[in-house]
Structure formats: structure tokens, C-alpha cells
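Undergrad: Take a look at the following structure, please.
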Amino acid sequence: MILKILRKKFLEREIKKRLKNRLPIHEGRPLRTLGVVINAMEFKQVEVFENLANVLHILNKDIKIIYYKEENINLPTLEQNSFTPKDFNWKGLMTKPAILEFLDREYDVFICYSSADSVFIDFIVSQAKATLKVGLDGANAALFDLIFKIKTNQYDLFEKELTKYLQIINKDNKN
């Protein structure tokens with residue numbers, strides 16, 4: 001119990017530290033990479049993000065998706081792409097190599113498809129190297145550049161609005 005509390009405090013401290021060192025927003029270059037973290041307890045339709053990559057003209061090799069789950073559930077993907085609270089040590093550091101590799105990459109757009117308040121998901125979002133971070137209402141607003149006030153079951157609306165806003169951002173940065 002004490003280790004869980006200690007781990008949570010370390011994670012919260014690291015999140016606050018990372019908020020100070022944010023990358024600038026996308027600078028008008030074409031979108032090439034997409035990172036996605038999905039809360040598997042809220043949303044299980046993984047393939048829709050591969051379709052989103054096609055809509056945004058991002059190659060399938062340039063989209064990386066990871067999943068957060070609090071309990072053992074079957075996902076339609078490799079187990080290595082998921083993380084749980086057990087993948088963090090008592091100091092709040094991620095110990096799973098596949099997730100560390102995910103966090104080492106730079107992304108043009110990073111999407112957190114979760115409306116749950118989770119210090120573990122917040123840590124991943126804060127560690128992600130992205131020029132534009134997109135989240136859903138209910139998540140920690142300080143971590144994101146763009147937040148959509150929709151529920152996780154409204155994916156079609158999310159995709160439509162995200163596409164619209166990314167076109168606006170790209171036009172504004174090209175002028």
C-alpha cells in the first residue's frame with residue numbers, strides 16, 4: 001500500500017516536471033507520425049486508429065499504438081504494446097521495454113483516447129515527445145494542446161473534428 005502511494009507521488013512529480021519542457025506546436029510541415037495511447041477499459045476498437053492514419057495520409061509504419069489496462073483483458077494485438085500499473089516501479093519509472101521504445105520516438109501528433117483520470121496514462125502523455133497532443137474531456141487538461149469534449153464512444157465525431165482542426169492548424173502555420 002505504501003509503495004503504491006509512493007509510486008503515485010513520484011509519477012505526479014515527474015508529470016509536473018515534464019509540463020515545463022513542452023515542445024512547440026506543429027510548425028506547418030506535413031504530418032508524418034502518429035502516436036496513440038488508448039485506455040482499453042474504455043475503448044477496444046483499435047483498428048479505427050489505423051483508418052485515421054489513412055485519413056491523415058500517415059503511413060501505417062508511422063503509427064504507433066499502446067494500450068493501458070488496469071486488469072488482464074484480451075486485446076486484439078500483441079501483449080507487448082500494453083501497459084498496466086505493474087509496469088511502473090515504486091519510483092514511478094516505466095520498466096517495460098516496448099513502452100520505453102514508444103516514448104523514445106518523436107510524434108507529430110499524439111492522441112490520448114481516454115477520458116479517465118489516471119496518473120499512469122498522464123505519465124505516458126507527459127513523457128511523449130510530440131508537437132501536438134490531443135486528448136478527450138475528462139483527462140488532465142494541462143497535458144494537452146487540444147481537447148475534444150466528447151465521449152470515448154463517439155469516435156466518428158472525434159475523427160471528423162480532429163481532421164478539421166489539423167487542417168486549420170496546418171493552414172495557419174503555412175501563412
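The values are calculated or read from the model by the stated rules, or taken from the named source; none is laboratory data. Here the structure is a predicted model, which is why all the values come from computation and not from measurement. Here the Cβ positions follow ideal geometry from the backbone for every residue, glycine too, while neighbour counts run over all protein chains shown.
Undergrad: Kindly provide the set of residues from region 89-117 that are among the aromatic types (Phe, Trp, Tyr) and either touching a His at 6+ places or on another chain (Cβ under 8 Å) or in a strand (DSSP E or B) (or both), ordered by number.
TA: Once the filter is applied, which keeps residues that are among the aromatic types (Phe, Trp, Tyr) and either touching a His at 6+ places or on another chain (Cβ under 8 Å) or in a strand (DSSP E or B) (or both), region 89-117 yields TYR107, PHE110, TYR113.
Undergrad: Does at least one position in region 45-63 carry a residue that is at pLDDT below 85 and either on the phi > 0 side of the Ramachandran plot or part of a loop (DSSP other than H, G, I, E, B) (or both)?
TA: For region 45-63, residues at pLDDT below 85 and either on the phi > 0 side of the Ramachandran plot or part of a loop (DSSP other than H, G, I, E, B) (or both): present.
Undergrad: Can you tell me how many residues in region 132-169 are of a type outside the set (S, T, N, Q), modelled with pLDDT under 90 and over 12 Å from CYS112 (Cα atoms)?
TA: The total comes to 5.
Undergrad: Right, next: Of the conditions (1) exposed (fewer than 15 other Cβ atoms within 10 Å of the Cβ); (2) basic (Lys, Arg); (3) at pLDDT 85 or above, LYS69 fails just one. Which one is it?
TA: Of the numbered conditions (1) exposed (fewer than 15 other Cβ atoms within 10 Å of the Cβ); (2) basic (Lys, Arg); (3) at pLDDT 85 or above, the odd one out for LYS69 is (1).
Undergrad: Go through region 151-162 and give me each residue that's touching a residue at least 40 places away in the same chain (Cβ under 8 Å) and surrounded by fewer than 13 Cβ atoms within 10 Å (Cβ to Cβ).
TA: ASN153
Undergrad: May I ask you to say which residue of THR131, THR163, THR152 is of a type in the set (S, T, N, Q) and closer than 23 Å to SER82 by Cβ?
TA: THR152
Undergrad: On to the next question. Restricting attention to region 126-156, which residues are over 16 Å from ASN39 (Cβ atoms), assigned to a helix (DSSP H, G or I) and touching a strand residue (DSSP E or B) at 6+ places or on another chain (Cβ under 8 Å)?
TA: GLN127, ALA141
Undergrad: Looking at region 95-150, which of its residues are touching a residue at least 60 places away in the same chain (Cβ under 8 Å) and of a type in the set (Gly, Ala, Ser)?
TA: Answer for region 95-150, where residues must be touching a residue at least 60 places away in the same chain (Cβ under 8 Å) and of a type in the set (Gly, Ala, Ser): SER114, SER115, ALA116, SER118, SER126, ALA128, ALA130, ALA142.
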